[in-house]
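Heads up, the thing below is written out as structure tokens.
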Amino acid sequence: LQSTYEAKVADAGDAAALEAVRVAALGKQGEITQLLKTLGKMSPDERKTEGPKIHAARQAVQDAIEAKKAELEKAELDARLKTETLDLSLPADEAPRGSVHPVSQVMDELAEIFADLGFKVAEGPEIEDDWHNFGALNIPEAHPARAMQDTFYVENDGEGAPPVLRTHTSPVQIRTMMTEQPPIRIIAPGRVYRSDSDATHTPMFHQIEGLVIDKGVHLGHLKWTLETFLKAFFERDDIVLRLRPSYFPFTEPSAEVDVGWSVEKGRRVVGGQEGWMEVLGSGMVHPKVIANCGLDPDEYQGFAFGCGIDRLAMLKYGMDDLRAFFDGDLRWLRHYGFNF
Ligand code: PHE
């Protein structure tokens, strides 16, 4: 019986076959198990001679099964190792890698330029309340900037002025002056919203706000700061600025700043002085705005400016349609060297 089963174990080709042999021999109804049960009915003498033989047979078959099982498992592992090899020397698939969007890239550049001038980055919410976006900035109720065609309003419960999608980054001036003591030197880059759309306007665009509040600040500081920033940003020394008197409710005096352009290789570039284009709004912070924030306008003065980031990016990289910035068209990004 032992040799019959040992042969069957040797013949078992896989785990299932081996298990069938085990059940047939050593299972509850197994032949060897049954044989063991006969021991009880034997005479003591018989048991003495037969018992050890049966136990030995059982042990032998069990050992054979264990050995075979280990052998089968090893064979299976070897087979898997042969078929599932991993060739680490194979070159990896080319996976497309993202790059930083031109607008984000320009924001990073600006943050770096202004960090060198001692400015830190401040932030404010894109959903802004009426007071921060308008009131505290001395923009009167009837000012056209509040009119429906410019401002996106956010629905509210009807009590009080509805919140707005901030129409400029200037509310960050207010938030900063309310929470920090002078000297203040901040920039605030971020998204702003106006309901307007054509080749040079998108309903969402980006601005960077600058604010300096200290003692004895004057227009000369503003002009030097803007000149230094634009020279660093366009990486040219022949940047010429022209401050044009203008009006903003939150600055007095106010100036729109034009930068000189010239034509190089048939393209209009910033630098030189063949013509002028407007790049930002600025001015000395209105004393009323300073007072609205709880600071004493007799003690503190300052300047502020606000500049379209997307415009800056278009000028620097020679792009002509603002809307393409926000289409996410990979061909456009690749064309301008942003490698996706
Ligand atoms: N907030 C103004 C705008 O959106 C720009 C500005 C900022 C002007 C700061 C003066 C001072 O056009």
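The values are calculated or read from the model by the stated rules, or taken from the named source; none is laboratory data. On a predicted model such as this, the values are computed, not experimentally measured, just so you know. Reconstructed Cβ throughout: ideal geometry from the backbone, glycine too, with neighbour counts over all protein chains shown. We work out accessible area using only protein heavy atoms, side chains counted, and drop any ligands, DNA or RNA first. Shrake-Rupley method; radii C 1.70, N 1.55, O 1.52, S 1.80 Å.
Over the chain, dividing the summed -39,500 (n - 2.57) contributions of all DSSP H runs of at least 4 residues by the number of residues returns a 222 nm mean residue ellipticity of -12500 deg cm²/dmol. Protection proxy ranking, highest mean first, for peptides 161-169, 268-276: 161-169, 268-276, where packing is the per-residue count of other beta-carbon atoms within 10 Å, averaged.
Per-peptide packing, taken as the mean over residues of other Cβ atoms within 10 Å, places 107-119, 300-312 in the sequence 300-312, 107-119 from highest down. The residues of the stretch 1-154 present an accessible area of 68 Å² per residue when probed at 1.4 Å with all protein chains retained. Candidates Thr167, Val100, Thr228 compared by Cα position along the dipole of the chain: farthest toward the positive end lies Val100, with charges placed on Cβ. Partner lysines whose Cα lies under 27 Å from the Cα of Lys53, excluding those fewer than 8 positions away in the same chain, are identified as Lys8, Lys28, Lys37, Lys41, Lys68, Lys69. In the chain, Cα pairs under 8 Å separated by at least six residues give a relative contact order of 14 percent. From a point 7 Å beyond the Cα of Thr83 in the direction of its Cβ, which residues of the stretch 1-34 have a backbone N at a distance under 18 Å? Hits in the stretch 1-34 for Thr83 at 18 Å: 13-17. Inverting the pair-averaged 1/r between distinct Cα atoms of the chain gives 26.6 Å as its Kirkwood hydrodynamic radius.
Counting Lys and Arg as +1 and Asp and Glu as -1 over every other residue whose Cβ lies under 14 Å from the Cβ of Trp131, the net charge comes to 0. Within the shell defined by Cβ-Cβ distances under 13 Å, the residues around Thr202 carry a net charge of -1, with Lys and Arg each +1 and Asp and Glu each -1. In this label model, Glu19 and Leu72 are separated by 0.8 nm, measuring between points 7 Å along each Cα→Cβ vector. DSSP bridge analysis restricted to the chain gives an antiparallel fraction near 95%, rounded to the nearest 5.
A cut-off under 11 angstrom between Cβ atoms defines the neighbours of Gly306, and their net charge, with Lys, Arg +1 and Asp, Glu -1, is -2.
For the stretch 247-273 and the stretch 20-95, what is the separation of their Cα centres, given in Å? Here the two parts' Cα centres lie 89 Å apart. Peptides 59-67, 212-220 ranked from most to least packed, by the mean per-residue count of other Cβ atoms within 10 Å: 59-67, 212-220. What do you get for trypsin sites (Lys or Arg not before Pro) in the stretch 78-145 restricted to DSSP loop and a cutoff of at most 14 other Cβ within 10 Å of the site's Cβ? Counting only loop positions with at most 14 other Cβ atoms within 10 Å, the trypsin sites (Lys or Arg not before Pro) in the stretch 78-145 are Arg97. For the chain, hydrophobic long helices are taken as DSSP H runs at least 20 Å long by C-alpha position along their axis with mean Kyte-Doolittle hydropathy of 0.0 or more; these are 102-116, 219-234. Averaged over its residues, the stretch 189-269 has an accessible area of 49 Å² per residue, based on protein heavy atoms and a 1.4 Å probe.
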